[in-house]
There are 4 protein chains.
Amino acid sequence: MHEKIGFVGVGRMGAAMARRLKDCGYPVVAIYDAFAPAAIELANELESEAVTQLAAVTAAADVVFTVVTDDAAQLGLYGETGDSLFVGADGKYFVNCATVSPKVPIEIERRAELVGASVLEACMASSIPQARQGTLYLMCGGDDAVFAHLKPVLEKLSAALRLIGPTGRAAQVKALVNMVMNMNTAALAEGLGLGGALGLDLTMLREVFAQTGANSQVLKTDGEDMQKRAHECFFSAAHAAKDSGIAWTLGCEVGLNLPLAAAAKLQYDRMTALGLGQIDKSGVAELTFKGRHG
Amino acid sequence: MHEKIGFVGVGRMGAAMARRLKDCGYPVVAIYDAFAPAAIELANELESEAVTQLAAVTAAADVVFTVVTDDAAQLGLYGETGDSLFVGADGKYFVNCATVSPKVPIEIERRAELVGASVLEACMASSIPQARQGTLYLMCGGDDAVFAHLKPVLEKLSAALRLIGPTGRAAQVKALVNMVMNMNTAALAEGLGLGGALGLDLTMLREVFAQTGANSQVLKTDGEDMQKRAHECFFSAAHAAKDSGIAWTLGCEVGLNLPLAAAAKLQYDRMTALGLGQIDKSGVAELTFKGRHG
Amino acid sequence: MHEKIGFVGVGRMGAAMARRLKDCGYPVVAIYDAFAPAAIELANELESEAVTQLAAVTAAADVVFTVVTDDAAQLGLYGETGDSLFVGADGKYFVNCATVSPKVPIEIERRAELVGASVLEACMASSIPQARQGTLYLMCGGDDAVFAHLKPVLEKLSAALRLIGPTGRAAQVKALVNMVMNMNTAALAEGLGLGGALGLDLTMLREVFAQTGANSQVLKTDGEDMQKRAHECFFSAAHAAKDSGIAWTLGCEVGLNLPLAAAAKLQYDRMTALGLGQIDKSGVAELTFKGRHG
Amino acid sequence: MHEKIGFVGVGRMGAAMARRLKDCGYPVVAIYDAFAPAAIELANELESEAVTQLAAVTAAADVVFTVVTDDAAQLGLYGETGDSLFVGADGKYFVNCATVSPKVPIEIERRAELVGASVLEACMASSIPQARQGTLYLMCGGDDAVFAHLKPVLEKLSAALRLIGPTGRAAQVKALVNMVMNMNTAALAEGLGLGGALGLDLTMLREVFAQTGANSQVLKTDGEDMQKRAHECFFSAAHAAKDSGIAWTLGCEVGLNLPLAAAAKLQYDRMTALGLGQIDKSGVAELTFKGRHG
């Protein structure tokens, strides 16, 4: 029999995951969002219940998925006083999907032990369509037994599922993936921007890149968008700034000098300063094409 | 009937191309190298003749391939006084394969017109095995008629052959390809270096990168080498510094700010300063792995 | 007769200013600090009253000085609802001394007009001893009449006092002063760090710097401290990071590329990441001396 | 009785020094310049002899001053074969004034020992008017006895004269002085450029800088020139690029990461790429003022 599922954070990503689990036969019994109308709308769609207390999600569900934006939001769900997912959490499971600093899941795990809850990091290296279709790339961090217990429901969400290591490891790997992706994206934007400024045919240039050492996954996903200025948001510049910042900070902590990571982080920070934080990270090309932005 | 071929510059790349054309039935009639023993050795192997004057190559051959290292070397072959490939060059064809600043082929073309010679840029985005097997990725810049005339012999060298545009355009595209490749390489070195410093399993990390937005061509060609410190030279750090420098300078000239290109260039310059200029560009990881270099 | 003075934010800087005005005969009638014990202690010392509501400061005083840390704290004093310095503020004067983004004083001025209050930016380019002795360098932004009204009390605090321009201008100039100072400091740390790594006598090197084009105000104030690792806090690295960030963001907004400002900002951010945010900005030398930090 | 003086390299700096020594009663007996007309002109002025062989300078003089531009030029004067200052150099003294890599004077000293010559580094931290008036800031590296022997003539050139240490040390200190000066210059250009873009009165801004922690020697020497675009050359951007490059390379060699030095070096390199290498280093402001250069 299927476990009862709760969702906290039903932006586009969280909502897509909730729809997918509902499609797979899981009862989605409680939905919470800091923006209450989002919870209500999705609850109506999924014949679920929108709640306004975190503790109500825990009370109703066996497994709670959280899909929020950053360190503060993630940690805020698990307060040690006041309303919290960890009120009445003994025996409950929590799957945290935000890209956060590795210290955050470690702190949540510490708090979980105090209340008898089980937590798992589940970092997603894919986007909204994959979430909806259950073909995410899921990297988990946590206890073997917790992972084993949650594996059936996680398999409904993912095409690839792996336990990276103990708690905190998934956040590290996710930060590294996004750091490299963000650098490659900013690098591609420089290549195409310079090509454009030289008057080259950018469609030709992308073809050449694709067939040479300049090829990359972001060439496939972002190259044409950069050329056409199609920056509808799949992964926002603000998120890129945050994730590159997490990785750069990890580098500082271990005493490494990472000049391209720093340069890429500054480009996404610049987008935020220019009011471009909410467009897609491909919009970094707006900074490197002549006559777009400064 | 096959045209008679001359070669100037028979390092590993030039020698591989000469062997390939010989295999395809082209007579290689004259070989010149600034390091005379290299010319003699290859001439013996290919039943050709080693010459010590540039003009002697032109005199003997219908089509001369030049494969040298940088702007100064490339331009030095086509002096307007003294020994030069352009002595007695009326009606002869010259194919220039170095990665150089775009202004260099334009200057050579100007000089070619004065002596009745035909020149073609042929930039190679592949490495020595491809040269030997005739499967290079060849990007040409020059006149349509010149390209058409040389197409049969170029096809023997290449799996992909395209005329990018007029003279100078191939050098631009090549500089862009290498600029992006070099940035992606330096970015990957940061990701793996940080992963290593955090104690992550780097084989696992490379697998994750390969399946996510962090994937790139250089992950395939350089990732394992970075992990294993296998920096046998396919494309040297010194070449990477030079090519990134050409691209960065083009960016300055058109008024662009390219922070990741600059950061990558400095990393390859740093390798040179540390005496690592002759190892492969994958050696940039020596700068980003804890406890390797500073 | 002296106006009645209120103080909000009595850290070391604010407390020194309050003591100075008291010495000059001004009655300090109300003191507020987010950390209540600080307000109580200073109130006892100055025979003033510690209050726990912002509105109480406004009620008691004719002129309120605020000395807080950042944009959020500064703006938070002037809430449009709830407890706020702008409750009952008609006819009152407010002097804001924090180094903040230029948009903050502009927003505060907008709110001030709604309630009939007068506000003045008063940015301080000096440190605690100058505050205590009334020899600050004070740069003001605001209305001519407001400045004229407050001039007598401001003169008690300053050795140099000037009205830079309308509201927001002082914050701009202050951000620029600190941006340049922070860059010069980070630059000096590189020079001395490299000198140390080369085995040079750093006392000799500082003497040479002082007599050549390398001389600067920060050589006087920070040079010896860098050599001796004496990083007692006069101006914290965290403040330097904040102020350089404000200036760098202004640069983005006007479309400028400021690579040294960015590099300096990253150095102070790195200090914060390494837990060095609370030492003096001279501690940036900890990053550039061999064997101190990474 | 005064020693006989020879000069090699009589650009503006070398010529000013030669004139000064002549004024002080020293016979200037031989002048060499790679650009022969410069030698002839100065020889006419000083009643000296222009020579076209380096060895002729050594033959005629007791003490030879060399004032050339870079590593290659400096080392080229002391060839081990062919025409060279070290032909017939036994017992002669050589004072080398170029700003070069520290390895260059060490190599020259090695060669000097083979031929019985005495060499001294004499790095100058001042400019042409000081050379003419004999008020240079002279930092020497070399042997105590050599320094003592040359002290009388060096005192005619300098207001401050010091022996920094053994050969190579003066070059290190000079590189550090210029590195810090160049960084402060580029930093100032960012501060004034941003001030200009914000619409601030730059004369006022320079006054504020001069009275605060933003003050520096380059504010005095370059600040007004940046504002007024008066970039007549005292110390060229190309020299700044070279010297910052020497220092940055020293940093690489000792394993330091010097991000502001790197950023400053790139700015001067950018000037060279834009054809601005021959204007004064104050011209770095052309890169940071809106609407001047990219």
Per its Cα gyration tensor (rounded if a/c is under 1.5, else prolate when a/b beats b/c, else oblate), segment B:107-217 is best filed as prolate
Among the Cα-Cα pairs of segment C:136-294, the proportion with separation greater than 27 Å, in percent, is 34
Out of B:Leu77, B:Leu85, B:Leu200, a Gaussian network model of chain B with alpha-carbon springs under 10 Å gives the largest mean-square fluctuation to B:Leu200
For chain D, the longest principal axis of the Cα atoms and the Cα long axis of helix D:217-228 enclose an angle in degrees, to the nearest 10, of 60
The pairs in A:Lys242/C:Lys242; B:Lys242/D:Lys265; B:Lys228/B:Lys290; C:Lys22/C:Lys174; A:Lys290/D:Lys290 lying past 20 Å Cα-Cα in this model are C:Lys22/C:Lys174
Taking the chain alone as reference and the full protein assembly as comparison, with a 1.4 Å probe on protein heavy atoms only, the residues of segment A:255-273 that lose at least 50 Å² of accessible area are A:Leu256, A:Asn257, A:Leu260, A:Leu266, A:Arg270, A:Ala273
From the Cα centre of segment D:206-222 to that of segment D:97-140, the distance in Å is 31
Calc'd 3J(HN,Hα), segment B:35-48, phi into Karplus 6.51 cos²θ - 1.76 cosθ + 1.60 (θ = phi - 60°), Hz, glycine/Pro = x, comes to 9, 3, x, 5, 5, 5, 4, 5, 4, 4, 5, 9, 6, 10
Heavy-atom accessible area of segment A:34-184 with neighbours in place, 1.4 angstrom probe: carbon+sulfur share in percent works out to 53
Stokes-Einstein, Kirkwood over Cα pairs, segment A:51-108, 20 °C, 1.002 mPa s; D in µm²/s equals 185
With the 8 Å Cα cutoff and a minimum separation of six or more residues, chain A has a relative contact order in percent of 13
In whole percents, the bins of 5 Å from zero upward hold the Cα-Cα pairs of segment D:61-152 as 3, 13, 25, 27, 18, 10, 4, 0
The farthest towards the positive end of the charge dipole of segment D:1-154, of the residues D:Ala56, D:Gln130, D:Thr99, given +1 on Cβ of Lys and Arg and -1 on Cβ of Asp and Glu, is D:Gln130
One finds the C-alpha centres of segment A:242-272 and segment D:23-57 to be spaced, in Å, by 57
For the rotation taking chain B to chain D, the chain B residue with the nearest C-beta to the axis, plus the distance in whole Å, reads B:Leu266, 4
Log entry, pair B-A: total buried accessible area, probe 1.4 Å, protein chains only, in Å² rounded to 100, is 4800
Placing +1 on each Lys and Arg Cβ and -1 on each Asp and Glu Cβ in chain D, then taking the dipole about the Cα centre, the residue among D:Thr288, D:Leu200, D:Ala186 whose Cα reaches farthest towards the positive end is D:Leu200
In segment D:83-183 the DSSP beta bridges are antiparallel at a rate, in percent to nearest 5, of 30
If labels are modelled 7 Å from Cα along the Cβ direction, B:Phe35 lies from its partners in the other copies at nm distances, smallest first, of 3.8, 6.4, 6.7
For the protein assembly as shown (alpha-carbon point model, no solvent) the Debye-based log₁₀ I(q)/I(0) at q = 0.05, 0.08 Å⁻¹ works out to -0.42, -1.01
Probe 1.4 Å, heavy atoms of protein chains only: per residue, the accessible area of chain A in Å² is 35
Expressed as a whole-number percentage, the relative contact order of segment B:177-294 with C-alpha contacts under 8 angstrom and at least six residues apart is 39
Taking Cα atoms, the helix D:259-273 axis meets the longest principal axis of chain D at an angle in degrees (rounded to 10) of 80
Looking at segment B:166-180, residues buried by 40 Å² or more relative to their chain on its own, accessible surface at probe 1.4 Å, turn out to be B:Arg169, B:Val173, B:Leu176, B:Val177, B:Val180
Highest GNM mean-square fluctuation among C:Leu154, C:Leu114, C:Leu136, for chain C with Cα springs under 10 Å, belongs to C:Leu114
Cα pairs beyond 34 Å in chain B, in percent, come to 25
The long-range amide H neighbours of C:Ser158, using H built 1.01 Å from N in the peptide plane and a cut-off of under 5 Å, are C:Leu136
In debye to the nearest 20, the charge dipole size for segment A:1-91, taken about the Cα centre with +1 at each Lys and Arg Cβ and -1 at each Asp and Glu Cβ, equals 260
Note on segment A:1-95: alpha-carbon gyration tensor, axes a ≥ b ≥ c; rule is a/c under 1.5 for rounded, else prolate if a/b larger than b/c, else oblate; result oblate
Measuring from the longest principal axis of the C-alpha atoms of chain C, the long axis of helix C:103-115 (C-alpha) lies at a number of degrees, nearest 10, equal to 0
Expressed as a whole-number percentage, the relative contact order of segment B:45-186 with C-alpha contacts under 8 angstrom and at least six residues apart is 20
Residue by residue through segment D:181-196, the couplings from Karplus 6.51 cos²θ - 1.76 cosθ + 1.60 with θ = phi - 60°, in Hz, x for Gly and Pro, are 4, 5, 5, 4, 5, 5, 5, 4, 4, 6, x, 5, x, 5, x, x
Computed about the Cα centre, the charge dipole of segment C:102-148 from +1 Lys/Arg and -1 Asp/Glu charges at the Cβ has a magnitude in debye, to the nearest 20, of 220
Rounded to 0.05, the calculated FRET efficiency for the beta carbons of C:Thr203 and C:Lys290 at R₀ = 22 Å is 0.75
PRE zone check, label point 7 Å out along Cα-to-Cβ of C:Glu41, amide N under 18 Å, scope segment C:49-66, hits C:49-52
Accessible-area loss of at least 10 Å² in the complex relative to the chain alone (1.4 Å probe) applies, within segment D:134-149, to D:Tyr137
So for segment B:218-263, using the alpha carbon gyration tensor with a ≥ b ≥ c as root eigenvalues (a/c under 1.5 gives rounded; past that, a/b versus b/c decides prolate or oblate), I'd call it prolate
Longest chain A segment clear of GluC sites (Glu not before Pro) sitting in DSSP loops (not H, G, I, E or B) with at most 15 other Cβ atoms within 10 Å runs A:81-231
Karplus-derived 3J(HN,Hα) from phi for segment A:151-168 (6.51 cos²θ - 1.76 cosθ + 1.60, θ = phi - 60°), whole Hz, x at Gly and Pro, runs 3, x, 6, 5, 5, 5, 9, 10, 8, 9, 9, 8, 8, 6, x, x, 3, x
Per the helix-only model, chain B has a calculated mean residue ellipticity at 222 nm (DSSP H runs of ≥4, -39500 (n - 2.57) each, divided over all residues, rounded to the nearest 500) of -16000 deg cm²/dmol
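The values are calculated or read from the model by the stated rules, or taken from the named source; none is laboratory data. Model, not experiment: these values are computed from the prediction. Neighbour counts are summed over all protein chains in view; Cβ atoms, including those assigned to glycine, are modelled from backbone coordinates with ideal geometry. Surface accessibility is based on the protein's heavy atoms, side chains included, excluding ligands, DNA and RNA. Shrake-Rupley method; radii C 1.70, N 1.55, O 1.52, S 1.80 Å.
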